[in-house]
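Just so you know, all these numbers are worked out from the coordinates, no wet-lab data involved. From a predicted model like this one, the values you see are computed outputs, not experimental measurements. So basically every Cβ, Gly included, is an ideal-geometry build from the backbone, and we count neighbours across all protein chains shown.
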Amino acid sequence: AQSVTQPDIHITVSEGASLELRCNYSYGATPYLFWYVQSPGQGLQLLLKYFSGDTLVQGIKGFEAEFKRSQSSFNLRKPSVHWSDAAEYFCAVGARSWGKFQFGAGTQVVVTP
Amino acid sequence: DSGVTQTPKHLITATGQRVTLRCSPRSGDLSVYWYQQSLDQGLQFLIQYYNGEERAKGNILERFSAQQFPDLHSELNLSSLELGDSALYFCASSNPEFNYGYTFGSGTRLTVV
């Protein structure tokens, strides 16, 4: 069965420090991979996506993610976080044959001064 | 504005009542997905419609039902409401090619008292 795992429920990071959020998936082929961000009381906003090609993808708000097939991972990174990056981040996995996406449980990011 | 419109934004109702949540998908999107987000369950897929037809079902209770109309807007009907149904309900839409992920609405916050 397909699955997506975000191992870290909660991460605290200092403003200006780097951030890496982990996402692992289980699927027989290369699925579509996404990262979404949800600010408090808001809907989910797409940060970036990967379908094929270059395994390092750039997204909005200075985020990037790297697809590693050998590790079945799609980790999200940002070199220097801003206080406005405090939010919940969701990794999502999908495939055309499924017709829908599966979301991870989310990682809550807290940014300290 | 994501292009996906959900109404109402907030809803407070009593146990045992019935409510209807409405979603208008992004222009050109044929698929509509409903998700429930609660603190203890995370983001749970409820149901998907594609061009008026039910395509996939997730963890949707029998007390809940949905439909997609010819103009592609969708409604989620929740009946015999219980306290545990209090949650954020999100609608998302995607295009037929499935290649840009979901676009989420800002959600309806349902509070059952």
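Here's the picture: charge each Lys and Arg Cβ at +1 and each Asp and Glu Cβ at -1 in chain A, and of A:VAL110, A:SER39, A:SER70 the one pushed furthest to the positive end of that dipole is A:SER70. Considering only B:ILE12, B:ILE60, B:ILE47, the mean-square fluctuation computed in a Gaussian network model of chain B, springs between alpha carbons under 10 angstrom, is largest for B:ILE12. Within 10 Å of the Cβ of each residue in B:31-37, the mean number of Cβ atoms contributed by other protein chains is 2. Suppose R0 equals 35 Å; then what is the FRET efficiency for A:SER80 and B:LEU30 from their Cβ-Cβ distance, rounded to the nearest 0.05? Working from the Cβ atoms, E equals 0.30. Ranking B:LEU46, B:ASN95, A:ALA29 by how far each Cα lies toward the positive end of the dipole of the protein assembly as shown (charges on Cβ) leaves A:ALA29 at the top. Partner shielding of A:101-110 amounts to 3, given as the average count of beta-carbon atoms from other chains within 10 Å of each residue beta-carbon. Simple point charges give the picture: +1 on the Cβ of Lys and Arg, -1 on the Cβ of Asp and Glu, and for the protein assembly as shown a dipole about the Cα centre of about 160 debye. Peptide A:41-53 has a mean shielding of 4, counted as Cβ atoms of other protein chains within 10 Å of each residue's Cβ. Here the peptides A:44-51, A:71-78, B:29-36 are ranked by packing, the mean other Cβ count within 10 Å, and the order with the highest first is B:29-36, A:44-51, A:71-78.
Once the Cα gyration tensor of chain B is found, what semi-axes does its equivalent ellipsoid get, as square roots of 5 times the eigenvalues, in whole Å, sorted largest first?
Calculated on Cα positions only, the semi-axes equal 23, 14, 13 Å.
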